[in-house]
Each structure stands twice: as structure tokens, then as C-alpha cells.
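Bear in mind these aren't lab numbers, they're just calculated from the coordinates by the rules spelled out. The model shown is predicted, which means the values in this text are computed figures rather than measured ones. Note that each Cβ is placed from the backbone with ideal geometry, even for glycine, and that neighbours are counted across all protein chains shown.
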Amino acid sequence: MIKTLRVILSALALCVAASSAHAADTKKVDVLLVGGGIMSSTLGVWLHELQPDWSMTMVERLDGVALESSNGWNNAGTGHSALAELNYTPEKADGKIDISKAIEINESFQISRQFWAWQVKQGVLKNPHSFINSTPHMSFVWGDDNVRFLKKRYEALQASPLFRGMQYSEDYDQIKQWVPLMMEGRDRNQKVAATWTPIGTDVNFGEITRQFVGYLKTQPNFTLSLSSEVREITRNADGTWHVSWVKLHSDEPPQSVDAKFVFIGAGGGALHLLQASGIPEAKDYGAFPVGGSFLVTDNPDVVKQHLAKAYGKASVGSPPMSVPHLDTRIIDGKKIILFGPFATFSTKFLKNGSYFDLLKSTNTHNVAPMMRVGVDEFPLVQYLAGQLMLSDDDRFNALKEYFPNAKKEDWRLWQAGQRVQIIKRDPVKGGVLKLGTEIVSSQDGSIAGLLGASPGASTAAPIMLNLMKKVFKDKVATPEWQQKIRQIVPSYGTKLNDSPAKVVEEWTYTSDVLQLSPPPKIDLNVPSQPTGNAPARPAKASADMAL
């Protein structure tokens, strides 16, 4: 009996020793970035600026960075600033246009512009034209009701200096000067209207990501692991996180780190990993994937006739995600035009994901909210069903509403990325479909992830700044971090909408550094007007692909 007990104790001692040795051998890092897209790379650059002595590891399951949603071909590349997107300015029950969301989106994009400008000055980002180019943003509508709405929207936006310089016209010839491709072949008697502003941009978020990660790789305290799929996330006794991954298509043994902070910027894969971490905050969320496809042309004779991102208005009864747009894109130096999006459906959460993604994300905590949203958002379900039934002729006819002289042989259909819409448990409704992006973090701030889609990559810099204010609250409050943040983002802490002079200063600075078209002149003597309180009738939350 004593001999047996000794054997058992010896075995336990060996196990403890092996466990201790394993813990001692496990690499320790300050920050682990899961996902190699625009969000993780932006956070990595932020943290390197603010705390260059921190060690960081980035893990990406594909064989390169920026190959999923951040890839230039998987999104529309719009620098979302609410200049053209009509769903950011809903009409309230009293007939007034609510511009509060538009101002919020625009101010966020100004932070992104300043962040990118700083990185250009530091040599982190190279030739600005490789990732951002001036592209006028337009709203284009037809029909009496839509023209009335667009004019009211234009007038409402003039209360904000962020939208000064925008032009409005119902004149066929004027609009033809802006977008000849959209007007040639159109009935001159058709009631149309458009707004046009030169300060819009086309952005290649994939290129920004590649340049950010390329810079981080030159730093001694940064490591990148590609073709690496995270399989385990567990909390250690000391509050750090033990994260293990396997090298895909390789016989290498699993690798792991112990990280003080983990950021899950894995796009559609973020929910699975947050759920795997076991944090209670993740239990409130479910998700629903929606894909998008575009018609694309690179015919030079067509492309040269269009320089704009022209957004239309969703058809009556359709959700905001159905807003069509005819866009100039510049990807890897080549100019193309795309039209869409057309909604697609797959149970994958990532373009390179698994058909079991939706099923694996469903559990006892989120299945009821997901079913509730399915009932409450039945128009969205109807819309998706209708989109899935579209034929090639249907899609081409939709294009001809914007480009009357389009020729089918010039266009091809391209499947873009997946967007995972947030479904959140609600104490009153059971479950609600959430607009925008949402930071989900543990109570102690040691792990966080980003869920949602709109407006996404355009506002990566302010989203990651807000994340740092949440998980590194004490650090952000220090004089050192405050000074550096203000150096990178001069307008930090300032409501640009309340300061026309600051708007001019920011526009001029970023346009110069990013080599964009000169900003429009605005009258500094015209005061900005308050946006007022919350809308009398909140806009119904509907999914927005923000592709």
C-alpha cells in the first residue's frame, strides 16, 4: 500500500514538474493580436506608438495578412464619412432629417485621416496614393419623394461644417458634368437629384494593413505567425491568457503564448473565439452572416467616364443594407468600377471559413435572441430571400438604373467578403439586431474582441482608440499617452462639428500629407448648429453590409 502511494505521489510530482517546466518554457508577451486584418494591425501600430517596449505577437490563420474582409476586393473601399450614405440620415416622424449619426461617422473618419497622415510622416505608410485617393462622394436619386428627401438632407447637413462645400443639383446637365456615365442615355424628363462633394475618398484597407504589418515586422519586439489557427484560449491563475494554435498544412507542433492582453480582431471569426474564452460578456451575443457580390468592370472606355462613389436610396420596404452604389475603385494602382452590393447568403462567418460557422456559434444563451430577431426583422429575411433569387438579368437591370448605356459583356460578377451582423440579447425584446461595431471585453479588460460590420475599416483608428480607453484606461489617462495621442490625432478631444476653424485646419493638414484634392472653402463666419437630442422616432435597426 505504501509502495503504491509512493508511486502515485511520484507521478503527481512529475506531472507538476512537467507542468511547471511547460509554463516556464511558454513564451510570454504583453499583447496577442488574433487576426491579421485592418483592426489588429491598427491596434498594433497604436500600441507601438504609445508603448514601444511592449512585446506583441500576431496570429493569422491564412498564409498572408489582409486576405479576408480587409482585402481590397472584399469590400467597396469607401472612406465612410456619411457624405453620400443616405441611411445615416433618417427622416424623423416630424419630417426633419436627423444628422447626428452622420456627424458621428464623419468625425470618426477625420480621426482615421489624421492617424494615417501621422503614419505617412513617420514613414510607416509609404506613398499615400497606394492606399487612399480623392474620389468625389455623391448621393443620386430619382422620383419626387426621393428628390424631396435628398434636398431636405442637403439642407440639414449645411448646419454642420463637416459637410460644407457639398453641392446639390436637380439639373441634368450639371449632374452630367459630375457623372457623365450615369446620365448619358437617361430620359431628360426623369426627375433626378444629386449631391456632390470633392472631399470623398477611396481607400485600400488591404494595402494599409500590409504596410502596417510590414512596419511592425521590422520591430524587435513583434512576431508574426501565419497559417496559424487558434484552438485554445484559457485563463491562467495569474490573470494572463494561455493561447494555443496549430500551424495549418504543417507537421509543426502546436505553439502557444501567455499574454497579458488578447485582442481578437478576427472579423467573422471573432465571436467563436470570444465564446471559447469563456468570458460571460460573450454570452449576450449571437450573429448572422450576410455576404455581398458586385458587378465589376475594368474596361478603360467605361472606367474613364466615372470618377465618384455614387450612392442611391434603398427601395421602399428594403433595409438600408440594400443601398446600391456605383463606385470608382483603385486597387493596386488599377482603376475599376463596381456596382452593388447584391446580398448573398452562406453559413460561413468568413469567406475562407467553414459552413458550420453559424451552427457552431449557436448555444443556449443566444438561440432565443436569434429567433426573436428572425421574427422582428422579417422584412430583412424577405429581402435576403429575394436577393438570392436574382438572375444575372435582374442584377444587370439594376445596374442600368444607374448606368443606362451599360453593356452586359463589360461586366462580371464578383463575390466579395462576408459580414457578420451582431445579434444581442435584450431584456425587453429578447434580442435585437445591432447596427455598427461593438467592443466586447472582459470585466478586467484583459481580453477584448470586435464584433459587427458598419462602418468598419473606415473608422479602425477611432475604434481602436476607444478600445484602448476601455481596456487600458489607466494608461490612456497618463500624461505620456495623452500627449502622444494628441500628437498623432491633433483634434483628439475636440468636437469638430462645433469648430469650423478646426475642420478647416484638419482638412488642410490631412489633404496635404495624404496628397488628396484641396478641401472645399467654407465660411468660418457661419456658425455650426447643434444637432439636437435623439430623434423623435429612432430609425429601425437593420443590417448594413458596409461593403
Cβ density ranking, 10 Å radius, fewest first, applied to Phe349, Phe149 yields Phe149, Phe349
Would you mind computing, in nm to one decimal, how far apart the modelled labels at Lys360 and Trp54 are, each placed 7 Å from Cα along Cα→Cβ?
2.8
Value of Rg to Rh for the range 290-404 (Rh from inverse mean 1/r over Cα pairs, i.e. Kirkwood)
1.05
Sort Arg148, Arg164, Arg188 by Cβ crowding within 10 Å, fewest neighbours at the top.
Arg188, Arg148, Arg164
Cα gyration tensor shape of the range 340-397, rounded if a/c is under 1.5, else prolate or oblate by comparing a/b with b/c:
oblate
Theoretical gain in end-to-end length, Lys473 to Glu184 [0.36 nm per residue, Cα-Cα removed]
98.5 nm
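Please state the equivalent ellipsoid semi-axes for the range 470-524: what are the square roots of 5 times the Cα gyration tensor eigenvalues, largest first, in whole Å?
Gyration-tensor ellipsoid for the range 470-524: 28, 14, 8 Å.
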If I model a spin label at Val381 and Asp523 as a point 7 Å from the Cα along the Cα→Cβ vector, what separation in nanometres do I get?
5.3
Using the Cα centre of the range 325-392 as the reference point, and only Cβ charges (+1 on K/R, -1 on D/E), how large is the resulting charge dipole? Debye, rounded to the nearest 20.
240
With axes computed from alpha carbons, what is the tilt in degrees of helix 144-157 against the longest principal axis of the chain, rounded to the nearest 10 within 0 to 90?
70
Computed about the Cα centre, the charge dipole of the chain from +1 Lys/Arg and -1 Asp/Glu charges at the Cβ has a magnitude in debye, to the nearest 20, of 580
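Given the rule -39500 (n - 2.57) for each run of at least 4 DSSP H residues, summed and divided by the residues of the chain, what is its mean residue ellipticity at 222 nm, to the nearest 500 deg cm²/dmol? Display every interim value, and only then the final one.
Values: 17 runs with 184 residues, N = 547.
So the helix-based figure for the chain works out to -10000 deg cm²/dmol.
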Treat each spin label as a single point 7 Å out from the Cα along the C-beta direction, and report the Asp410 to Ser225 distance in nm.
4.9
Leading residue at positive end of dipole, the range 371-489 (Cβ point charges), from Leu451, Leu384, Val489
Val489
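For the range 52-162, what is the relative contact order in percent, using Cα pairs closer than 8 Å and at least 6 residues apart in sequence? Walk me through the intermediate numbers first.
Numbers: 62 pairs, mean separation 28.0, N = 111.
It comes to 25 percent, rounded to a whole number.
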Could you go through the range 249-262 in sequence order and give the Karplus-derived ³J(HN,Hα) for each residue, using 6.51 cos²θ - 1.76 cosθ + 1.60 with θ = phi - 60°, rounded to whole Hz, and x for Gly and Pro?
6, 8, 8, 4, x, x, 10, 7, 9, 10, 10, 6, 9, 10
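Remind me, relative contact order of the chain in percent, using alpha carbon pairs under 8 angstrom and six or more residues apart?
Values: 1080 pairs, mean separation 119.5, N = 547.
The normalised contact order for the chain reaches 22 percent.
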Give me the log10 of I(q) over I(0) for the range 78-222 at q = 0.14 Å⁻¹, as the Debye formula computes it from C-alpha points; what are the numbers?
-0.76
Three-way shape label, the chain, alpha-carbon gyration tensor, a/c 1.5:
prolate
Quick numbers on the range 365-471, Rg and Dmax over C-alpha atoms in Å, give 19.1, 58
Positive end of the dipole of the chain, charges at C-beta (+1 Lys, Arg; -1 Asp, Glu), about the Cα centre: which of Val203, Ile99, Val257 has its Cα farthest in that direction?
Val257
Check which residues have an amide H placed less than 5 Å from Gly431's amide H, if you skip close sequence neighbours.
Asp426
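I need Val246, Val179 ordered by Cβ neighbour count within 10 Å, fewest first. Let's see the in-between values first.
Details: Val246 16, Val179 23.
Taking fewest neighbouring Cβ atoms as first place, the list is Val246, Val179.
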Partner lysines whose C-alpha sits under 18 Å from that of Lys407, ignoring same-chain residues fewer than 8 away, are Lys304
In terms of the alpha carbon gyration tensor, root eigenvalues a ≥ b ≥ c, rounded if a/c is under 1.5 and otherwise prolate when a/b exceeds b/c or oblate, the range 150-230 is prolate
Under 12 Å by backbone N from the virtual spin label 7 Å along Cα-to-Cβ at Glu438, the residues of the range 369-396 are 369-370
Angle check, please: helix 367-376 long axis (alpha carbons) against the longest principal axis of the chain (alpha carbons), in degrees 0 to 90, nearest 10.
10
In this model, which of Lys121/Lys495; Lys191/Lys495; Lys92/Lys151; Lys217/Lys335; Lys101/Lys313; Lys313/Lys469 are farther than 26 Å apart at the alpha-carbon?
Lys191/Lys495; Lys217/Lys335; Lys313/Lys469
